[in-house]
1. Could you please find all residues in segment 22-53 being over 13 Å from Ile139 (Cα atoms), part of a loop (DSSP other than H, G, I, E, B) and at pLDDT 95 or above?
2. Just checking, how many residues over segment 58-92 are among the charged types (D, E, K, R) and assigned to a strand (DSSP E or B)?
3. What number goes with the only condition from (1) open to solvent by 50 Å² or more (accessible area, probe 1.4 Å); (2) within 18 Å of the chain's Cα centre (by Cα) that Ile85 does not pass?
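The values are calculated or read from the model by the stated rules, or taken from the named source; none is laboratory data. Fair warning: this is a prediction, and the values are worked out from it, not measured in the lab. Glycine also receives a Cβ, built like all others from the backbone with ideal geometry; neighbour counts cover every protein chain displayed. Calculation scope for accessible area: heavy atoms of the full protein, side chains included, ligands and nucleic acids excluded. Shrake-Rupley method; radii C 1.70, N 1.55, O 1.52, S 1.80 Å.
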Amino acid sequence: FNYIFSLSFLLLVPFQGFSQETTFEESMIGKHQFGVQFIWDGYGSAKITKDEQGILHIKGEQYSNNKEEYVLLGGIITVIDEKNIKIKGNLKLFTEGCCGLLDREIDYTFRKTGSRKYWRLKERNDLCDQYTCAYYLDIFE
């Protein structure tokens, strides 16, 4: 009888599970592949952390083997949904033969489309003329 009473009591207590957004934000924390396709020597990495106030931060870097070409990203992440995140912060990018040095404050959207396993910079035409260099700046899952 005590077992049945305990079980029926548990069924009456509402489940206090995690929201999908909290679970998604938690899954973002850690190290990710990161970079732009014009640095041929391989992708770099980005680290996503969560501070005491629950704010997500990103710090990413990618360098060519000779360290002459690079992309540096730092900022605060706002999750819109699982397919869209906003990053407000700093972006510094230099690739040989493209648009030169880009060093700016940003407030950009990174979007995951279809079944892709990465978020890609949506406002890439803001970095350089798309007919000169269409930067594909990606953050992988």
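1. Asp51, Glu52, Gln53
2. We begin by selecting, within segment 58-92, every residue among the charged types (D, E, K, R); these are 59, 61, 67-69, 81-83, 86, 88, 92.
From what's left, assigned to a strand (DSSP E or B): 59, 61, 81, 86, 88, 92.
So the answer is 6.
3. (1)
The rows are residues; the columns are (1) open to solvent by less than 90 Å² (accessible area, probe 1.4 Å); (2) in a strand (DSSP E or B); (3) touching a strand residue (DSSP E or B) at 6+ places or on another chain (Cβ under 9 Å).
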{"site": "Cys99", "(1), (2), (3)": "yes, no, yes"}
{"site": "Asp103", "(1), (2), (3)": "no, yes, yes"}
{"site": "Thr109", "(1), (2), (3)": "yes, yes, yes"}
{"site": "Thr113", "(1), (2), (3)": "yes, no, yes"}
{"site": "Trp119", "(1), (2), (3)": "yes, yes, yes"}
{"site": "Asn125", "(1), (2), (3)": "yes, no, no"}
{"site": "Cys128", "(1), (2), (3)": "yes, no, yes"}
{"site": "Cys133", "(1), (2), (3)": "yes, no, no"}
{"site": "Asp138", "(1), (2), (3)": "yes, yes, yes"}
